[in-house]
1. Kindly give Rg over Rh for the range 193-290, based on alpha-carbon atoms, with the Kirkwood expression for the hydrodynamic radius.
2. List the GluC sites (Glu not before Pro) within the range 72-149 that fall in a DSSP loop (any state other than H, G, I, E or B) and whose Cβ has at most 11 other Cβ atoms within 10 Å.
3. Is the shape of the range 29-160 best called rounded, prolate or oblate, per the rule: a/c under 1.5 gives rounded, else a/b larger than b/c gives prolate, else oblate, with a ≥ b ≥ c the square roots of the Cα gyration tensor eigenvalues?
4. Could you put K93, K529, K149 in order of accessible surface area, largest first, with the 1.4 Å probe and the full protein assembly present?
5. Which of the trypsin sites (Lys or Arg not before Pro) found in the range 187-224 are loop residues per DSSP with 11 or fewer other Cβ atoms within 10 Å of their Cβ?
6. State, to one decimal in nm, how far the label point of K93 lies from the label point of N248, with both points 7 Å from Cα in the Cβ direction.
7. Say the cut-off is 25 Å between C-alpha atoms; which of K134/K562; K156/K233; K97/K156; K79/K562; K25/K134 go over it?
8. Can you list residues whose amide H is under 5 Å from E253's amide H, if they're 5+ apart or on another chain and H is modeled 1.01 Å from N?
Amino acid sequence: MATEGGGKEMNEIKTQFTTREGLYKLLPHSEYSRPNRVPFNSQGSNPVRVSFVNLNDQSGNGDRLCFNVGRELYFYIYKGVRKAADLSKPIDKRIYKGTQPTCHDFNHLTATAESVSLLVGFSAGQVQLIDPIKKETSKLFNEERLIDKSRVTCVKWVPGSESLFLVAHSSGNMYLYNVEHTCGTTAPHYQLLKQGESFAVHTCKSKSTRNPLLKWTVGEGALNEFAFSPDGKFLACVSQDGFLRVFNFDSVELHGTMKSYFGGLLCVCWSPDGKYIVTGGEDDLVTVWSFVDCRVIARGHGHKSWVSVVAFDPYTTSVEGGDPMEFSGSDEDFQDLLHFGRDRANSTQSRLSKRNSTESRPVSVTYRFGSVGQDTQLCLWDLTEDILFPHQPLSRARTHTNVMNATSPPAGSTGNSVTTPGNPAPPLPRSNSLPHSTVSNAGSKSSVADGAIASGVSKFATLSLHDRKDRHHEKDHKRNHSMGHISSKSSDKLNLVTKTRTDPAKTLGTPLCPRMEDVPLLEPLVCKKIAHERLTVLIFLEDCIVTACQEGFICTWGRPGKVVSFNP
């Protein structure tokens, strides 16, 4: 595998890597951090996060970035590959007492050269609306912590809205706010709006309109991240119970579900056309899920610890001959998606409604996505048509997906997953370098297990988490519970824990969580150690890739042919 080799080589931090596009190079002059450039002591602090916005100013240098390090929040002009970073002059800097910033998001719709709206979530549960250009603090939401006392895990503006935003907490709740409304001086009272499998949505009961407008309760345990689809109509959520849940945001309907191989899911992202969702988590895997078929279509194994961020690269997603992607929407729709989704609200529904029409399938398609993890590694992955459309004969074009042998289960696993009861499984069509294997019947939207199984599965996730904690001293694996460690011993423990419930292992081998041998296993194109501390950021921009680690260093990797000579 790409990561294997001598110990000395593996511990060496890489400053460049090559893909079929050419050489990606770390630009030391474009590194952003705290002004003193001193590595931050990250013990016990919240992950470093980075947000970008383009102010559309006339100077041609409208990019701005915001990042949090410990109790501090910084706002800089981002010069990218063009000029060296000037850390001595942050546009805005804030230091908080008693709480730490955990996440943030710019409103791209309302951003101008004179004003920008930035939401900041905090470890004690509050959300602040600030303008780093005017250096104003306009509002504080959940100030008295009457709505939720737990840490804010994710905050995002609702696509296409100037005033609505969504906030997720480690309590497992999400809240919809309107910046125009106040929060009230007493704890809110709620009325049930809709209830479904492992979720409930409540409205706020009050005489006058107040925040929150809606309260979502999703799954069990923390809600770790959510992401809106490119057209803003669907919402993908990943939780500590190991489930991906995809909702129609407006109708509050559950569209589909997936379960991690084990452990919690930590991160989620959508492909630029909204057809695929990728997740990462505590099973050390990246998992590709089809929005249309509501099933897992591939897993990727390259990380040696938890996967903290996944992201698609819209600029390297391509079709045969280098033409623009043949989406069922218009070219303008795709251009909109490439520019931070500023005009996402106007993109058409046709991309989502015509997914399975053969006319809209390009001859040869490659989706590029990346992942970073607590193992300090960056992985890049290609998803090609031999994986996406296994029913079709392979095109003559060379495909770039590296596929590992899917017959042998990963080292340490027993391969004795429980098969789906009922009908015999249909065969999995052959794809590039994959042997013939079987896959359980998939594609039904009602693939969520019944309540007993779902609650049992969450215990299963917790069990593997406890195992990880017990084995934390083993240095060969930072979290020491690689994807192969579902052994018969853990199954014995499981039976003791869940005697009164349905055996949670029954989700293995179902559409909810296929066995390892039943879906293609991707190998990364690139797998490089690029930092000393765990990685927490991965963002694909037009001329570079941005990564960040827990020490508070934000790194810029120039794309092939995009690096210019610096004049510091």
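1. Numbers: Rg = 14.1 Å, Rh = 14.0 Å.
For the range 193-290, the value is 1.01.
2. Numbers: sites: E72, E114, E136, E143, E144; in loops: E114, E143, E144.
In loop regions of the range 72-149 (DSSP not H, G, I, E or B), the sparsely surrounded GluC sites (Glu not before Pro) are E114.
3. On the way: a/c = 2.14, a/b = 1.26, b/c = 1.69.
The shape class here is oblate.
4. Working: K93 100, K529 40, K149 130 Å².
Highest to lowest solvent-accessible surface, that is K149, K93, K529.
5. On the way: sites: K194, K205, K207, R210, K215; in loops: K207, R210.
Counting only loop positions with at most 11 other Cβ atoms within 10 Å, the trypsin sites (Lys or Arg not before Pro) in the range 187-224 are K207.
6. 5.0 nm
7. Details: K134/K562 33 Å; K156/K233 14 Å; K97/K156 23 Å; K79/K562 13 Å; K25/K134 35 Å.
Too far apart for the 25 Å limit: K134/K562; K25/K134.
8. The answer is N248.
The values are calculated or read from the model by the stated rules, or taken from the named source; none is laboratory data. This structure is a prediction, so every number in the text was calculated from the model and none was measured. In this analysis, Cβ positions are derived from the backbone assuming ideal geometry, glycine residues included, and neighbour counts consider all displayed protein chains. In case anyone asks, the SASA skips ligands and DNA or RNA and just uses the protein heavy atoms, side chains included. Shrake-Rupley method; radii C 1.70, N 1.55, O 1.52, S 1.80 Å.
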